[in-house]
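Engineer: Got a structure here, written out as structure tokens. Questions coming.
Derivation of every value follows stated rules applied to the coordinates shown; laboratory data play no part. Everything numeric in this text was worked out from a predicted model, so none of it was measured. In this analysis, Cβ positions are derived from the backbone assuming ideal geometry, glycine residues included, and neighbour counts consider all displayed protein chains.
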């Protein structure tokens, strides 16, 4: 009888422990909102972020150079949809994607960083949040990374990365995991381009 009581007590304790663990796990789960920003809304946010970036530059000539670089990097070009599987492969035929043929790119890193900053700022503006931290809490890393990948892959800068075989999802990981994602992404691109680590983003088509 004593043995039976001990067994019964042990079973009850295990059931209680499992119940508490399940409740704790359920409470620890976090649900995130889905991002529903349209292309038009993002384009408007990009223009707003671009103007904000230019407003921080006092020198007129420097401001003109920056605007030229930003508008060039952030230009949208029609491109067939590429799956993540294709995006991370360095070898695939781009002949039917690049129309018209683009000139080779030799772009100073400061312009690359500024372009990425504008994209990130535009994402935050379109989402109505002030920081990446707030966006992460509201939408989660996966959804925020998906939006960044979707935003950059239609731009000149994103297409150049794809042409080099650079994974856009890897770039998105930097957005949600480092303090200065634009700086990290810029240095990463420079390390994998045609002339690595020379302070420029070099792409030869």
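Engineer: If I stretch the segment between residue 164 and residue 55 completely, what's the gain in nm (0.36 nm per residue apart, minus their alpha carbon distance), one decimal?
Structural biologist: 36.0 nm
Engineer: Let me ask something else about it. Fewest to most neighbouring Cβ within 10 Å: what's the order for 59, 193, 173, 180?
Structural biologist: On the way: 59 9, 193 23, 173 18, 180 12.
Sorted ascending by nearby Cβ count, the order is 59, 180, 173, 193.
Engineer: If each residue's Cβ is checked for other Cβ atoms within 10 Å, how do 57, 119, 185, 166 rank with the fewest at the top?
Structural biologist: Details: 57 15, 119 26, 185 29, 166 20.
Ranked by crowding around the Cβ, least crowded first: 57, 166, 119, 185.
Engineer: Let me ask another. Ranked by Cβ crowding within 10 angstrom, fewest neighbours first, how are 76, 31, 186 ordered? It would help to have the intermediate numbers written out before the result.
Structural biologist: Numbers: 76 13, 31 5, 186 23.
Going from least to most buried by this count: 31, 76, 186.
Engineer: So, in Å, what gap is there between the alpha-carbon centers of the range 190-205 and the range 119-165?
Structural biologist: The range 190-205 and the range 119-165 have Cα centres separated by 22 Å.
Engineer: In whole Å, what three semi-axes, largest first, describe the equivalent ellipsoid of the range 123-205 built from its Cα gyration tensor (square root of 5 times each eigenvalue)?
Structural biologist: Working: eigenvalues 125, 34, 19 Å².
Semi-axis lengths for the range 123-205 are 25, 13, 10 Å.
Engineer: Kindly list the residues of the range 113-138 that lie in the label zone of residue 48, defined by a backbone N under 14 Å from the point 7 Å along the Cα-to-C-beta vector.
Structural biologist: Only 119-131 pass the distance filter.
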